Amino acid sequence: MRAVNRIVGAGLASLSLLAFAASASAQEVVEQPRLRQGFWAGLGLGHGSLGCEGCDTREGALSGNLRLGGTLSQKLLLGFESNTWYKSEDGGSLEMSNGSAIAVFYPSETGGFHLKGGLGVSRLRAAIEGLGSDSEWGVGAVLGVGYDFRVARNISLTPYLNGVGGNFDGGTANFWQIGLGFSWH
């Protein structure tokens with residue numbers, strides 16, 4: 001019984017030391033200033049849910065984004081973002097993409113929470129193997145929220161939620177994205 005108690009005690013002590021070291025390391029990263037300056041970029045991947053005007057259901061599939069731009073101040077970034085939802089099944093594929101000029105607003109100069117909005121163009125594309133593909137272009141928009149968790153001086157893990165919409169001649173389509181990205185500041 002004493003051997004078990006020693007093993008458990010040693011295990012708990014080791015876990016405590018690891019937790020302390022991780023906490024100290026995380027505190028070191030958090031205490032570094034959240035500098036937002038110059039060029040920035042981000043890349044994210046996650047799940048998306050596509051719906052359209054007249055559709056009875058929403059379709060889930062892979063979704064991602066790429067964004068880049070410049071910093072105007074600690075609270076405001078301007079740039080470009082591309083968002084895509086894509087699904088392939090049984091020889092057919094459906095894709096909706098959106099490219100927008102965006103503004104990213106941080107309510108706090110030192111915080112990681114941000115709001116995003118932008119306007120641009122959307123494309124809806126359907127393809128069937130052996131029959132070809134067809135695309136339609138329209139006006140697009142993106143709205144989103146996210147939070148930058150610093151993992152290094154200029155790198156953040158960024159969970160995000162985006163809503164992307166497009167207005168086409170044949171109606172409207174939209175998709176929601178939830179994902180995890182990397183941001184470089």
Exercise. Among the numbered criteria (1) surrounded by fewer than 16 Cβ atoms within 10 Å (Cβ to Cβ); (2) more than 15 Å from residue 42 (Cα to Cα), which single criterion is violated by residue 138?
Worked result: (1)
Seminar exercise, completed: Being under 20 Å from residue 183 (Cα atoms) and either polar (S, T, N, Q) or open to solvent by less than 60 Å² (accessible area, probe 1.4 Å) (or both) narrows 60, 91, 120, 79 down to just 79
Exercise. Pick from 85, 184: which is among the aromatic types (Phe, Trp, Tyr), closer than 30 Å to residue 54 by Cα and surrounded by 13 or more Cβ atoms within 10 Å (Cβ to Cβ)?
Worked result: 85
For this session: Collect the residues in region 141-167 that are basic (Lys, Arg) and either surrounded by 18 or more Cβ atoms within 10 Å (Cβ to Cβ) or in contact with a Gly (Cβ under 8 Å, 6 or more places away or on another chain) (or both), keeping them in residue-number order.
Result: 150
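The values are calculated or read from the model by the stated rules, or taken from the named source; none is laboratory data. Worth saying up front: this structure is predicted, and the values here are computed from it rather than measured. Positions of Cβ are backbone-derived with ideal geometry, glycine not excepted, and every protein chain shown enters the neighbour counts. Side chains included, ligands, DNA and RNA excluded: accessible areas come from the protein's heavy atoms. Shrake-Rupley method; radii C 1.70, N 1.55, O 1.52, S 1.80 Å.
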